[in-house]
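The values are calculated or read from the model by the stated rules, or taken from the named source; none is laboratory data. Since this is a predicted model, take the numbers as computed values, not measurements. All Cβ positions, glycine included, derive from the backbone under ideal geometry; neighbour counts span all protein chains shown. Keep in mind that these areas ignore ligands, DNA and RNA; they rest on the heavy atoms of the full protein, side chains included. Shrake-Rupley method; radii C 1.70, N 1.55, O 1.52, S 1.80 Å.
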Amino acid sequence: MEVVIVPDAKAGGAVIAEAMAGLLRRKPDALLGVATGSTPLPVYQALVATVRAGAVDAGRARICQLDEYVGLPAGHPESYRSVVLREVVEPLGLTEASFMGPDGSADDVPAACQEYDRALAAAGGVDLQLLGIGTDGHIGFNEPCSSLASRTRIKTLTEQTRVDNARFFDGDIDQVPHHVITQGIGTILEARHVVLLATGEGKAEAVAQTVEGPVAAVVPASALQLHPHATVVVDEAAASRLKLADYFRHTFASKPAWQGL
Ligand code: GLP
């Protein structure tokens, strides 16, 4: 995998937004898989600025969701559908018609999961999947010991993830659902390009294990080592435990500009 070390979160957002813009120039109806959480917000802000500056036309872009809470009422502001519509789809000037996600309020959750995997395949597959990473190494909501071959399915959140995400629910852990739907690790690995962004010291250990540790279900993000086109973008704080940091810096600094991410 390629590791790109950037000075800060804003620079990480700019690098990834430029990769997305480049993709949209080559393929205007590309399917962009987006992630929630705080980390990817600089990516969306940079991409929206690029679009508003007229440097790329995102009018035919398609957006798909990575994961979703189970059981939140439709339209709940912290459902990931609401978050992606608010942070990505609407600012890009797109409508819900350009957007797909799993139905977290379905009566038959397993059927909704299968339906989402089918819909992603029918849409031609994800061109670029953006990921954050949990402090425990999860991607999407694939918690530690998720099958590396898993498909979209229901998962139970760890207490750590519920504590981490309580900040989106007025700091009240009791409001954080226990169950979620997430693209499986096998589903995520089908994207043509997978880009993980991690920022801050709190992610340094998970990043080190993801990049330099063994491929292991206990660190779900380490499955990206199996992907032929995986890019890990980290700020200095999140890179602080990488033994090969100098090598990654040197490699990126000497990369020909035409290669992109
Ligand atoms: C949630 C999301 C993940 C995200 C993670 C980290 O668990 N399901 O996709 O990567 O939060 O969020 P943050 O970027 O806010 O640390």
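Which one is most open to solvent (accessible area, probe 1.4 Å) among residues in the stretch 119-154 that are in contact (Cβ under 8 Å) with a residue 60 or more places away in the chain, away from the ligand (no atom under 13 Å from the Cβ) and part of a loop (DSSP other than H, G, I, E, B)?
145
Could you check the stretch 18-43 and list, in sequence order, the residues that are open to solvent by less than 10 Å² (accessible area, probe 1.4 Å), out of contact with any Phe, Trp or Tyr (no Cβ under 8 Å at 6 or more places or on another chain) and under 26 Å from residue 164 (Cα atoms)?
Answer for the stretch 18-43, where residues must be open to solvent by less than 10 Å² (accessible area, probe 1.4 Å), out of contact with any Phe, Trp or Tyr (no Cβ under 8 Å at 6 or more places or on another chain) and under 26 Å from residue 164 (Cα atoms): 32, 33, 35, 40, 43.
Residues of the stretch 202-230 being more than 20 Å from residue 14 (Cα to Cα) and not aliphatic (A, V, I, L, M), which ones?
Within the stretch 202-230, 202, 205, 209, 210, 212, 213, 214, 220, 222, 225, 227, 228 meet the criteria.
Looking at residue 44, is it closer than 14 Å to residue 94 by Cα, within 16 Å of the ligand (Cβ to nearest atom) and of a type outside the set (D, E, K, R)?
Values: closer than 14 Å to residue 94 by Cα: yes; within 16 Å of the ligand (Cβ to nearest atom): yes; of a type outside the set (D, E, K, R): yes.
Considered against the rule, which asks whether it is closer than 14 Å to residue 94 by Cα, within 16 Å of the ligand (Cβ to nearest atom) and of a type outside the set (D, E, K, R), residue 44 comes out as yes.
I need the full set of residues from the stretch 205-260 which are open to solvent by 70 Å² or more (accessible area, probe 1.4 Å), within 18 Å of residue 148 (Cα to Cα) and among the acidic types (Asp, Glu), in order please.
Result: no residue meets the conditions.
If the Cβ limit is 6 Å and pairs must be 6+ apart or interchain, which residue in the stretch 52-65 that is open to solvent by 50 Å² or more (accessible area, probe 1.4 Å) pairs with which residue that is among the small types (Gly, Ala, Ser)?
Listed by first residue and then by second, the contacts come to 62/98.
For the stretch 56-73, how many residues meet the condition of being in contact with an Asp or Glu (Cβ under 9 Å, 6 or more places away or on another chain) and either part of a loop (DSSP other than H, G, I, E, B) or among the aliphatic types (A, V, I, L, M) (or both)?
Qualifying residue count for the region: 3.
Go through the stretch 38-78 and give me each residue that's among the polar types (S, T, N, Q), closer than 23 Å to residue 184 by Cα and in contact with a Pro (Cβ under 9 Å, 6 or more places away or on another chain).
Scanning the stretch 38-78 gives a single hit, 65.
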